[in-house]
1. Could you go through the stretch 291-305 in sequence order and give the Karplus-derived ³J(HN,Hα) for each residue, using 6.51 cos²θ - 1.76 cosθ + 1.60 with θ = phi - 60°, rounded to whole Hz, and x for Gly and Pro?
2. Using amide H atoms built in the peptide plane, which far-off residues or other-chain residues are under 5 Å from Phe394 H to H?
3. Translational D (Stokes-Einstein, µm²/s) of the stretch 350-460 at 4 °C and 1.567 mPa s when Rh comes from the Kirkwood sum over C-alpha pairs?
4. What net charge is computed for the residues neighbouring Gly279, neighbours being all others with C-beta under 11 Å from the C-beta of Gly279, Lys and Arg scored +1, Asp and Glu -1?
5. So if I average 1/r over every pair of distinct C-alpha atoms in the stretch 171-219 and take the inverse, what Kirkwood radius in Å does that give?
6. Compare the Cα positions of Tyr313, Leu343, Gly303 along the charge dipole of the stretch 295-348 (+1 at Cβ of Lys, Arg; -1 at Cβ of Asp, Glu; about the Cα centre) and return the one farthest towards the positive end.
7. Are any of the pairs Lys205/Lys417; Lys309/Lys456; Lys243/Lys269; Lys335/Lys358 more than 30 Å apart by Cα-Cα distance, and if so, which?
8. Any chance you could list the semi-axes, whole Å, largest first, of the equivalent ellipsoid that the Cα gyration tensor gives for the stretch 175-307, using √(5λ)?
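Read-outs throughout are calculated quantities, based only on the coordinates presented, and are distinct from any laboratory measurement. Just so you know, these numbers come straight off a predicted model, no measurement behind them. Cβ sites come from the backbone with ideal geometry, for glycine too, and all protein chains shown count toward neighbours.
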Amino acid sequence: MCVQTRRKTCKKAPRAPPADVNTQPASPASTANVNAQPTSARDVYWENHFGEQQHCNQEQCAGLTQPSSLQRKRRKSGSQGNDLILDLTTGTKKNVQIVQTMTKLATGTALVAEKTDGKIDEEQSDCGVSKRRKVVEVSLSETHEDNTGQEPTAGGPFYTRETQDDSYFSAYADIGIHEDMLADTVRTNAYRLAILRCWEQIRGKVVVDVGAGTGILSLFCVQAGARKVYAIEASALAEETRKVVKANGMEGRIEVVHGRAEEVELPEKVDVIVSEWMGYSLLYESMLPSVIYVRDKWLKKGGLLLPSKATMYLAPITDAEVEDRLQFWEDIGTKYHVDMSALKPYAHRCITRKVQVKPVQMEDILATPAKVMTFDLTEVSAEDLSCVQGAFSFSCYGWSQMQGFATWFDVLFPSPKPVLLSTSPYSEDTHWMQSVMSLDESVQVTQDTRVNGVIKITPNSRNNRFLDMALKYSIDGREEVERLYPMDDCR
């Protein structure tokens with residue numbers, strides 16, 4: 001499950017239903033101008049993010065690249081309004097609700113007013129914007145730090161846990177996200193097959209579906225014989241899910257519960273938990289802690305978790321796409337008779353500063369992938385997820401240009417005949433694709449070149465639904481390199 005993600009076109013063969021674990025091999029090695037008074041959200045956006053004192057940040061960098069399919073998806077979510085209901089002369093707001101606007105531009109950032117009434121407290125205007133107009137940004141792209149660890153530039157965002165979750169759940173009320181997930185037949189068929197194969201453990205039992213979305217997994221559980229399914233959905237989609245349940249004649253067996261998993265109260269303990277909680281690089285979106293909470297509070301002893309195990313993989317890769325995108329700044333001169341090549345270093349920093357979500361071809365993998373993290377979902381705690389890390393050691397296959405690392409994951413469903421859902425480049429494409437961390441400079445490797453290091457993943461300090469992925473590595477015993485890759489808007 002991944003928020004705000006209109007997917008790129010897959011480059012591989014058409015998707016196919018998942019194979020069994022026994023028949024499908026796993027991956028190998030299994031500041032702002034305070035004198036101006038803008039009067040619209042667009043004005044606020046441009047002043048806050050493109051003022052004189054702004055440094056290179058991700059919003060500026062977005063101006064160097066064509067809007068991706070992921071960005072186009074983000075433009076579809078939220079309201080179609082143009083301006084905030086905000087009196088910039090008096091500094092008052094009238095019960096303005098959190099909204100997303102079409103002023104996202106190329107980044108998916110929305111300008112919103114807080115959900116409070118009255119004047120803006122000048123003492124709280126600590127975001128680098130005019131004290132008479134405190135505006136909260138709600139975005140899938142929130143960190144303004146670069147890889148040097150500098151503090152966010154003036155005009156940076158102000159966040160609370162409430163605005164983080166409001167943005168997250170608002171995104172999941174958009175139908176496009178659910179189109180993407182349901183169109184992913186590898187994902188959906190894996191869940192269906194796993195649920196039906198566990199019919200003996202589900203028949204006559206009580207199930208909770210955490211993050212039910214459209215309710216499809218709940219319907220699968222009823223098909224497998226569940227006596228009762230509690231479909232927990234925090235977004236506004238819950239009301240539409242009730243209509244789906246009614247259309248399928250399942251009102252008596254599926255109860256849609258509108259609320260956060262940590263806040264809802266169920267009338268009974270459950271025998272089974274099913275959830276599609278996985279994000280990019282497995283942990284993006286930070287939904288797993290919600291599943292863990294439900295497990296600890298509502299699952300009976302010895303109950304069933306679907307899926308029950310998750311594994312993350314890492315591999316060194318060659319990645320021609322970065323060079324192709326940089327070549328654009330050379331080629332544009334021929335088209336318009338201007339020299340734009342001076343922008344190449346800047347473009348390179350913008351492209352490689354954070355995690356990129358895109359397909360990786362199996363022929364671009366330079367060594368046998370390494371398992372870097374494994375989670376037993378029956379035992380893992382939320383505290384365990386506050387900092388996870390794993391070591392890796394690769395021996396390269398042969399001569400190539402190493403240009404980055406890629407991560408992916410698989411999850412295992414327990415059943416008499418277990419089902420594996422893999423997002424590996426060696427498997428059929430899924431909407432998760434792979435996550436790429438580019439090197440600052442490509443490195444030539446040959447057969448048996450050693451690549452050793454550690455990857456560490458922590459929640460982003462400014463939005464815990466995002467990730468910070470830190471790499472420390474050495475190639476053939478050379479000087480150790482450390483890089484931090486924010487994983488925020490994933491464009």
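1. For the stretch 291-305, the Karplus curve yields 5, 4, 4, 5, 4, 5, 8, 10, 7, 5, 4, x, x, 9, 10 Hz.
2. The answer is Val451, Asn452.
3. Values: Rh = 15.9 Å.
Translational D for this selection: 82 µm²/s.
4. Working: positive: Arg465; negative: Glu276, Glu285.
Here the charged neighbours net out to -1.
5. Working: mean 1/r = 0.0833 Å⁻¹.
With all distinct Cα pairs of the stretch 171-219 included, I get 12.0 Å.
6. The one lying farthest along the dipole's positive direction is Gly303.
7. Numbers: Lys205/Lys417 20 Å; Lys309/Lys456 20 Å; Lys243/Lys269 25 Å; Lys335/Lys358 28 Å.
Flagged as over cut-off: nothing, all pairs pass.
8. On the way: eigenvalues 71, 60, 52 Å².
Values for the stretch 175-307, descending: 19, 17, 16 Å.
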